[in-house]
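The values are calculated or read from the model by the stated rules, or taken from the named source; none is laboratory data. All figures in this text were calculated on a predicted structure; none of them were measured in a lab. Backbone-built Cβ (ideal geometry, glycine too); neighbour counts: all protein chains shown. Side chains are part of the model used for accessible areas, which takes the heavy atoms of the whole protein and leaves out ligands, DNA and RNA. Shrake-Rupley method; radii C 1.70, N 1.55, O 1.52, S 1.80 Å.
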Amino acid sequence: VQLQASGGGLVQAGGSLRLDCAASGRIFDVYGVGWFRQAPGKEREFVAAITRVIDRKYYADSMKGRFTISGDSAKKTVYLQMNSLKPDDTAVYYCAAKTRYGVSWYLEAGYEYWGQGTQVTVSS
């Protein structure tokens, strides 16, 4: 499974961005896709995730209400719509694919395939 993240950029506080995660390869092995982010000097943290078949969604508490994850099976793409962005949202955002059941959606260890990351910078 290969993942390509895109859509990052520079935006002012209060603005919006949409990140795309395009998947290729053995898509049918993918159980779900998640987004993580890593700010400078900080650990990588969970943002949101979505299951491939039934579209069940998971969010980090701090992103609920501002971020929305969705998927387009035909385009093999998962989106992360980010609204009301804050300077604290500045980070490199990564998408990742999960192929195993029974491992937490919220942990990096639950994902086997990772994209290259896309930079999001929110100015104050």
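For segment 90-108, name all the residues that are of a type in the set (Phe, Trp, Tyr) and within 19 Å of Arg18 (Cβ to Cβ). First the steps, then the outcome.
In the first step, residues of segment 90-108 are kept if they are of a type in the set (Phe, Trp, Tyr); the result is 93-94, 101, 105-106.
Within segment 90-108, Tyr93, Tyr94 meet the criteria.
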- [ ] Kindly check whether there is at least one residue in segment 97-108 that is in a strand (DSSP E or B), touching a helix residue (DSSP H, G or I) at 6+ places or on another chain (Cβ under 8 Å) and open to solvent by less than 70 Å² (accessible area, probe 1.4 Å).
- [x] yes
Open item on the list: Could you list, ordered by first residue, the pairs with Cβ atoms under 8 Å in which the first is in segment 48-60 and within 17 Å of Phe28 (Cα to Cα) and the second is small (Gly, Ala, Ser) and assigned to a loop (DSSP other than H, G, I, E, B), at least 6 apart or interchain?
Closed with: Arg52/Ser73
Task: Residue count for segment 23-77, restricted to those that are open to solvent by 70 Å² or more (accessible area, probe 1.4 Å), over 17 Å from Val1 (Cα atoms) and assigned to a loop (DSSP other than H, G, I, E, B) - done: 9
